[in-house]
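A.B. asks: Pasting a structure below so you can have a look.
The values are calculated or read from the model by the stated rules, or taken from the named source; none is laboratory data. Just so it is clear, the model here is predicted, and its values are computed rather than measured. No Cβ is skipped: glycine too gets one built from the backbone with ideal geometry, and neighbour counts run over all protein chains shown. Heavy atoms of the whole protein, side chains included, go into the accessibility calculation; ligands, DNA and RNA do not. Shrake-Rupley method; radii C 1.70, N 1.55, O 1.52, S 1.80 Å.
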Amino acid sequence: MLPTLPITGLDIAPEELRTELIRAANWVADYLQAVPAGPVTRPRALDERRWLASSPLRDEGRPHTEFTDFIDREVAPFPCGNGHPAFFGWINSPPAPTAIIAELLSVTINASCGMGEHASMDLERGAVRALAELAGLPHGAGGVLTSGGSTANLLCLAAARSWYLASIDAEDGERYDAAHALLVCYQSADTHMSVGKSARTIGLPASRLRSIPLTDDRRLDAGALRTAVERDLAAGLLPFCVVSTTGSTATGAIDPIAEITAVCRDYGLWHHVDGAFGGLGAAHPALAPHYAGIADVDSLTVDPHKTLNVPIGCGAALVTDPERLRGAFSLRASYLDGNDAWPWLSDYTIELTRPAGRAFTVWAVLHQLGREGVTALLDGYLRHTALLRELIEAHPDLELVADGPWSITCFRYRTPGRGDAITTAIADRLRDRGRAFLATVDIDGELALRASICNYRTSEADIRTLVAEVLAIGAELCG
Ligand SMILES: *Cc1c(COP(=O)(O)O)cnc(C)c1O
């Protein structure tokens, strides 16, 4: 008999592992402490980026202890920027410290939340329940955690399609083919582009994803939606789903949820709400009135890696009737038993082997905050947003362009003539100077600076830095 030897290569002796973990823990604590004093981002020469992007695989392995040093030298100094308190770009937040610890614990246990009977999957079930409750969905709502909002939108659109085709008895065969060619979905002119990607992925051509116009406050026009649905029905098409948004990416606007649901109920459509940014707004008293009717929608996307500061990537596809997700995604095989009494989470999504880290990190953040802490976190974003808007309105060189209920603020540096060029130049120079960071967005055909606030580390000083930087750069460029 051959002697059985351990498979070598990956093992690290216990005492050495302990030492390396402590070194890594020190690195993490030092890194987080140093972030605010450093630049938001640091540009890197393209040839160095190409070098990293094409690193060849060596024939021989190297000591594992080199890895932390490698990250410290080649990756950490060139961040995306979202860990920094003066980062106001796109919608990205820093990782909550408790969630950094949670992520390490989760990968140590390394359960798959797609199969088996184990505690990590129950943790995800609980995390999903807590998110659904915060979002204002009814008891009995469920769903799954996802890699982010884009995947959550895709799962919900696919579930909407399956549900609709089942409701007209067209799940397969010729009836499926005939019906599928007539499906129509609706969004607003400001809907996030991931909805377009989702539609494309489930086989809907661009021409059958209708963009409904906005009202003056940049919300989906429910009257125009009703007209469009009626017109499509009269033409023999099959309207099956409306996607509304709570907290639009462009301006933070919140669509009229109850009015849109009413249209959906009148004509048998699924109402999906994209709340990747603002899906948890019902937890804040000032925002809650905009969420009237949220309990009656069919599905909701939320993105804990945005407003909750859960590390990337963590979204959630929430449905008021979880059986509809199961109807779309459950498929069994002989090598995977499943559990009909308490279905595995792989029955509700396209992923089978699924990370537990999302459940751990959501749970850690919600555990630390509690419901009151979530409200206080959102309140901080709104207070900083109010300050930003106050500073913009108080300065003659700045113009407030769009200010939805959520913490996104669109503004411009006033300059005769050179509109878009100045806006782009300000955002670029701001990024290069490294003291603050924001994005730009097209508002009715003209670019605006866009500041999104969803960072637990942001302080009043960071807001003032942003405004001072924009004013200084504007004066430089126009002076
Ligand atoms: C960010 C965002 C998405 C996409 O979410 P990811 O997590 O980036 O995939 C979708 N919809 C809205 C409204 C968003 O703000």
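A.B. asks: Find the residue count for the range 287-328, including only residues that are part of a helix (DSSP H, G or I), surrounded by fewer than 19 Cβ atoms within 10 Å (Cβ to Cβ) and not acidic (Asp, Glu). Spell out the reasoning first.
C.D. replies: First pass over the range 287-328, keeping only residues part of a helix (DSSP H, G or I): 288-291, 294-296, 322-328.
Still in the list and also surrounded by fewer than 19 Cβ atoms within 10 Å (Cβ to Cβ): 288-289, 295-296, 323, 326-327.
Keeping just the survivors that are not acidic (Asp, Glu) gives 288-289, 295, 326-327.
Within the range 287-328, residues that are part of a helix (DSSP H, G or I), surrounded by fewer than 19 Cβ atoms within 10 Å (Cβ to Cβ) and not acidic (Asp, Glu) number 5.
A.B. asks: Same structure, new question: Pairs please, first residue from the range 52-73 and among the β-branched types (Val, Ile, Thr), second anywhere and surrounded by 10 or more Cβ atoms within 10 Å (Cβ to Cβ), Cβ atoms under 8 Å, 6+ apart in sequence or on different chains.
C.D. replies: THR65/GLU20; THR68/GLU20; THR68/ARG23; THR68/ALA24; THR68/TRP27
A.B. asks: Now, a different point. Mind listing whichever residues of the range 72-97 are more than 16 Å from the ligand (Cβ to nearest atom), open to solvent by less than 40 Å² (accessible area, probe 1.4 Å) and more than 18 Å from ALA427 (Cβ to Cβ)?
C.D. replies: Step one: filter the range 72-97 for residues more than 16 Å from the ligand (Cβ to nearest atom), giving 72-79, 83-86, 96-97.
Imposing the further condition that a residue be open to solvent by less than 40 Å² (accessible area, probe 1.4 Å) reduces the set to 74, 76-77, 83-86, 96.
Across the range 72-97, the qualifying residues are GLU74, ALA76, PRO77, GLY83, PRO85, ALA96.
A.B. asks: Which one of ALA276, ALA292, ALA288 is closer than 17 Å to THR151 by Cα and touching a helix residue (DSSP H, G or I) at 6+ places or on another chain (Cβ under 7 Å)?
C.D. replies: ALA276
A.B. asks: Let me ask something additional. Quick check: is even one residue across the range 26-41 modelled with pLDDT of 95 or more, closer than 28 Å to CYS80 by Cα and in contact with a Phe, Trp or Tyr (Cβ under 6 Å, 6 or more places away or on another chain)?
C.D. replies: Kept after step one, since they are modelled with pLDDT of 95 or more, are these residues of the range 26-41: 26-41.
From what is left, the residues that are closer than 28 Å to CYS80 by Cα are 26-41.
Of the ones still in play, those that are also in contact with a Phe, Trp or Tyr (Cβ under 6 Å, 6 or more places away or on another chain) are 40.
Yes, there is a match, as at least one residue in the range 26-41 is modelled with pLDDT of 95 or more, closer than 28 Å to CYS80 by Cα and in contact with a Phe, Trp or Tyr (Cβ under 6 Å, 6 or more places away or on another chain).
A.B. asks: Follow-up. Out of everything in the range 325-335 that is out of contact with any Ser or Thr (no Cβ under 8 Å at 6 or more places or on another chain) and of a type in the set (A, V, I, L, M, F, W, C), what residue ends up being farthest from TRP270 (Cα to Cα)? Before the answer, list the steps.
C.D. replies: Taking the range 325-335 first, the residues out of contact with any Ser or Thr (no Cβ under 8 Å at 6 or more places or on another chain) are 326, 330-335.
Now drop any that are not of a type in the set (A, V, I, L, M, F, W, C), which leaves 331, 333.
Numbers: LEU331: 23, ALA333: 30 Å.
Residue satisfying both the conditions and the ranking: ALA333.
A.B. asks: Take ASP347 and tell me if it is of a type outside the set (Phe, Trp, Tyr), under 19 Å from ASP122 (Cβ atoms) and open to solvent by less than 60 Å² (accessible area, probe 1.4 Å).
C.D. replies: Yes; evaluated as a whole, the condition is true for this residue.
A.B. asks: Checking the structure you have, find out if any residue of the range 69-90 is touching a strand residue (DSSP E or B) at 6+ places or on another chain (Cβ under 8 Å) and charged (D, E, K, R).
C.D. replies: no
A.B. asks: Ok, one more. From the list VAL243, VAL263, which one is within 11 Å of the ligand (Cβ to nearest atom), open to solvent by less than 20 Å² (accessible area, probe 1.4 Å) and not in a loop (DSSP other than H, G, I, E, B)?
C.D. replies: VAL243
A.B. asks: State which residue is farthest from ASP462 (Cα to Cα) when the search covers only the range 87-112 and only residues that are in contact with a helix residue (DSSP H, G or I) (Cβ under 6 Å, 6 or more places away or on another chain) and polar (S, T, N, Q).
C.D. replies: Among them, the one singled out is SER106.
A.B. asks: Okay, next question. Since VAL144 meets every condition but one in (1) touching a helix residue (DSSP H, G or I) at 6+ places or on another chain (Cβ under 6 Å); (2) over 16 Å from ILE350 (Cβ atoms); (3) within 15 Å of the ligand (Cβ to nearest atom), which condition does it not meet?
C.D. replies: Checking VAL144 against (1) touching a helix residue (DSSP H, G or I) at 6+ places or on another chain (Cβ under 6 Å); (2) over 16 Å from ILE350 (Cβ atoms); (3) within 15 Å of the ligand (Cβ to nearest atom), the one that fails is (2).
A.B. asks: Further question on the same structure: I'd like to verify a number: residues in the range 98-130 that are among the charged types (D, E, K, R) and open to solvent by 50 Å² or more (accessible area, probe 1.4 Å), how many?
C.D. replies: Qualifying residue count, the range 98-130: 4.
A.B. asks: If I go through the range 435-479 residue by residue, how many of them are surrounded by fewer than 16 Cβ atoms within 10 Å (Cβ to Cβ) and outside any helix (DSSP H, G or I)?
C.D. replies: Adding up the residues that qualify gives 6.
A.B. asks: State which residue pairs qualify: first residue part of a helix (DSSP H, G or I) and inside the range 125-153, second residue among the hydroxyl-bearing types (Ser, Thr, Tyr) and at pLDDT 95 or above in any location, beta carbons under 7 Å apart, and separation of 6 or more residues or different chains.
C.D. replies: Within 7 Å, the pairs are GLY149/SER194; GLY149/THR301; SER150/SER194; ALA152/THR146; ALA152/THR301; ASN153/SER194; ASN153/SER198; ASN153/THR301.
A.B. asks: Please list, ordered by first then second residue, the pairs with beta carbon atoms under 8 Å, 6 or more apart or interchain, first in the range 298-319 and farther than 19 Å from ALA141 by Cα, second of a type in the set (S, T, N, Q) and more than 10 Å from the ligand (Cβ to nearest atom).
C.D. replies: Note: pairs meeting the criteria are HIS305/SER93; LYS306/SER93; THR307/SER93; LEU308/SER93; ASN309/SER93; ASN309/ASN455; VAL310/THR361; PRO311/THR361.
A.B. asks: Which condition from (1) in a loop (DSSP other than H, G, I, E, B); (2) at pLDDT 95 or above is the one that HIS64 breaks?
C.D. replies: With respect to (1) in a loop (DSSP other than H, G, I, E, B); (2) at pLDDT 95 or above, HIS64 is out only on (2).
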